[in-house]
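Each remark here refers to the structure printed beneath this line.
The values are calculated or read from the model by the stated rules, or taken from the named source; none is laboratory data. Note that the structure is a prediction, hence the values are computed from the model and not measured. Backbone-built Cβ (ideal geometry, glycine too); neighbour counts: all protein chains shown.
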Amino acid sequence: MARDDLETLINRGNQQAQSGQWATAIETYSKVIALDPSLATIIYNRGVSYATLQRLPEALADYERAISLGVHAPYAVYNRAGILLALERYDEALKGYDQAIRLDPNFPGSHFNRGTILLRLGDKPGAADCFERVIRLQPDNVAAFNNLGFCLDSMGWHQDALKAYDAALKYNPNMGDVHINRATLLANMGREADAAAGYDTGLKLSPDAPFARGMRLMSKMQICDWKEYESDIKALENGLERSHKVTPPFPALAFIDSPGLQLKAAQIWTRENYPNEPALGKIPASAPHDKIRVGYFSSDLHGFHPVASAIVGIIESHDRAKFEIYAFSYSPNFKDAMRKRLEAAFDKFVDVLQLSDREIAATARRLEIDIAVDVSGYTAGARPRIFSLRAAPVQMLLYPGTMGDEAHDYIIADPVVIPPEARAFYSEKVIYLPSHLPSDPKRTIAERTPSRAELGLPEKGFVFCSFNNRYKITPETFAVWMRILARVKDSVLWLSGANPVVIENLRAEAVRHGVAPERLIFAGRMEAHADHLARHATAGLFLDTLPYNAQTTASDALFAGLPVLTVAGETFSGRVAASLLTALDLPELIVPTREAYEALAIELATTPSRLQSLREKLARNRLTSPLFDIKAYTHNLEEAYALAAARARDGLAPEHITVSS
């Protein structure tokens, strides 16, 4: 073909591409390349056409060929890295962007996309550095400010994150996702009222923003703002039934008493955020260790979180002749007494707060951990991607709900929280222990019980209490509580200390139910846990919440000798108190409905002899029950660990495991 005819064909292909006729342009470019395979520009242009049509493997091949021919190298390298990013070949994409940056260090896109990959890999410090570079090159880049804010929030740099979000909104106040991310930051800062307002703004701008409705509801529940509660719950339930991205897993755990919907919430979330990642490959086989190496992975290893007090007794009680115990802590170090106690309890305490998820998983592999125990689940600060990358041959979950993924092999439970007929709603195989919730054997109760006056309680009248987190108080539960107060003369409801907004909202709600607001008493914070336990003696009955039960707070109450009344729900999180009471042989305090709960609370408060009988039974049983026997609990857990590790060594798939006491 004559050169003029070739040029005509090239021009035709370019015109077709410019007019959006990408498939036709590919055909034309292919004819040109067949006639002259050295035309790198045309190969590059065909790659662009392939990429536009999302024919990624063909686009990648053309970009690589164009790069080898040396034409449009900076852009071809950048575009090639973009294809690798889209194909989730993150390591190769990172190298590609590094090469593009060497060729053109002032191109913001390379830094931005590199930061996107690092963020995806859980390297928040590295990602933040990339987004800061973008901002230096493009001071009005809203997306870079938004992503920087997310990184800084995740790293605990809340004020700096707030500045980043505010800068993004200064340049574009109509970005719904920025408002939503900023609201999440405010929630993390404890500014729940501001967070709820921020979610409202974000959802007005972006009504279909992924997962925002559940986060908004959580913020509202944290301040006991129940306006639109019923419609909010219905929207979450309807959305989950349709497999929409309406909520992260934790709000579903807290507000929806349906194991099926909780599983769907977890599955939707993990598919979007934490798919299994092959980046580290299969864990290579290693020789059996003299001791089983167990790693506990947590964002909560400090004295300000109930998880720490729940697991510390296990760590101290492990049989060091058979087990070697590691901590992988991505928890802030407040240098408190609990943190020091935990650091001393582990055989090796690995502070991985500043490492990426991949680096943490690789560290666990290098240490040849046999069993990785995730004690964060989907709570704040959790890092599920570590488990998606496979940190250990066996991965377990100590959390009151399913992860909905393929990465966690087992969930630690008991037959009450996960009855055999409910196993279908958990992606994990179930390890059944006699009792699933550990306790701290070093808990002590102060010898002196504070007076009612010291605690702000009236001198006379029955004291109901519920020291649950405020987000667990639903309108249905509160309405039952108010009916109980109305029926029990001079009684009061003693709640955990709260901010002024919560107090105002709850007291206004009490008035709406015809109950004097002063009958709600809010407990002050006690620095010493022993003093907190001692004050339980001034209460008559602990009223549990549904659909999310008391956990550590119920254990504390029972340990202190205070009976707990609960409704057995349908889910793990709604059956924890029933599990505790079953372990203590107190089935009398487990009821099936809110109506039965209300009736029994009134009966116990107005029949002192029956309540005293229950108190005496609790006092007897707590001394012999396995619930507070941490050594027995740990022994049972170790038996499960050994069985699970043996199955993995033998190449067997995880299976349900039952350990009898």
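Data for the structure
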{"item": "Output for the stretch 323-342, where each listed residue is under 17 Å from L398 (Cα atoms) and either surrounded by fewer than 16 Cβ atoms within 10 Å (Cβ to Cβ) or over 22 Å from the mean Cα position of the chain (by Cα) (or both)", "result": "I325"}
{"item": "Among the residues listed as R622, R594, R610, the single one being modelled with pLDDT under 95, among the charged types (D, E, K, R) and in contact with a helix residue (DSSP H, G or I) (Cβ under 7 Å, 6 or more places away or on another chain)", "result": "R622"}
{"item": "Hits in the stretch 469-497 - residues which are assigned to a loop (DSSP other than H, G, I, E, B) and either within 13 Å of C224 (Cβ to Cβ) or not assigned by TED's automatic domain parsing to the domain that holds I602 (or both)", "result": "N469, I473, T474, S496"}
{"item": "Subset of the stretch 309-322 that is surrounded by 13 or more Cβ atoms within 10 Å (Cβ to Cβ) and farther than 30 Å from A424 by Cα - its residue that is farthest from the chain's Cα centre (by Cα)", "result": "D319"}
{"item": "Which numbered condition K472 misses (of (1) of a type in the set (D, E, K, R); (2) within 24 Å of E316 (Cβ to Cβ); (3) buried (at least 19 other Cβ atoms within 10 Å of the Cβ))", "result": "(2)"}
{"item": "All positions within the stretch 510-529 that are surrounded by 17 or more Cβ atoms within 10 Å (Cβ to Cβ) and over 24 Å from K460 (Cβ atoms)", "result": "H529"}
{"item": "Residue within the stretch 492-509 that is surrounded by 15 or more Cβ atoms within 10 Å (Cβ to Cβ), among the basic types (K, R) and either touching a residue at least 24 places away in the same chain (Cβ under 8 Å) or closer than 30 Å to S661 by Cα (or both) present", "result": "no"}
{"item": "Subset tally (residues that are free of Cβ contacts under 8 Å to residues at least 40 places away in the same chain and either touching a Leu at 6+ places or on another chain (Cβ under 8 Å) or closer than 19 Å to A361 by Cβ (or both)) for the stretch 108-123", "result": "8"}
{"item": "Tally of residues being surrounded by fewer than 17 Cβ atoms within 10 Å (Cβ to Cβ) and acidic (D, E) across the stretch 201-229", "result": "2"}
{"item": "Total residues in the stretch 42-84, condition among the hydrophobic types (A, V, I, L, M, F, W, C), closer than 19 Å to I10 by Cβ and not in a helix (DSSP H, G or I)", "result": "1"}
{"item": "Criterion (in a loop (DSSP other than H, G, I, E, B) and farther than 21 Å from A380 by Cβ) met by exactly one of P284, P210", "result": "P284"}
{"item": "Residue identified as surrounded by fewer than 23 Cβ atoms within 10 Å (Cβ to Cβ), under 26 Å from S299 (Cα atoms) and at pLDDT 95 or above among Q159, Q138", "result": "Q159"}
{"item": "Residue match in the stretch 317-331 (condition: free of Cβ contacts under 8 Å to residues at least 24 places away in the same chain, within 30 Å of L580 (Cβ to Cβ) and not acidic (D, E))", "result": "no"}
{"item": "Matching option when the condition is within 21 Å of Y378 (Cα to Cα) and part of a helix (DSSP H, G or I), among L162, L169, L148, L185", "result": "L185"}
{"item": "The stretch 282-330: number of residues that are among the small types (G, A, S) and modelled with pLDDT under 90", "result": "7"}
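Here's the yes/no breakdown for (1) surrounded by fewer than 22 Cβ atoms within 10 Å (Cβ to Cβ); (2) closer than 16 Å to P654 by Cα:
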site	(1), (2)
D351	yes, no
T379	yes, no
F387	no, yes
D414	no, no
S427	yes, yes
K442	yes, no
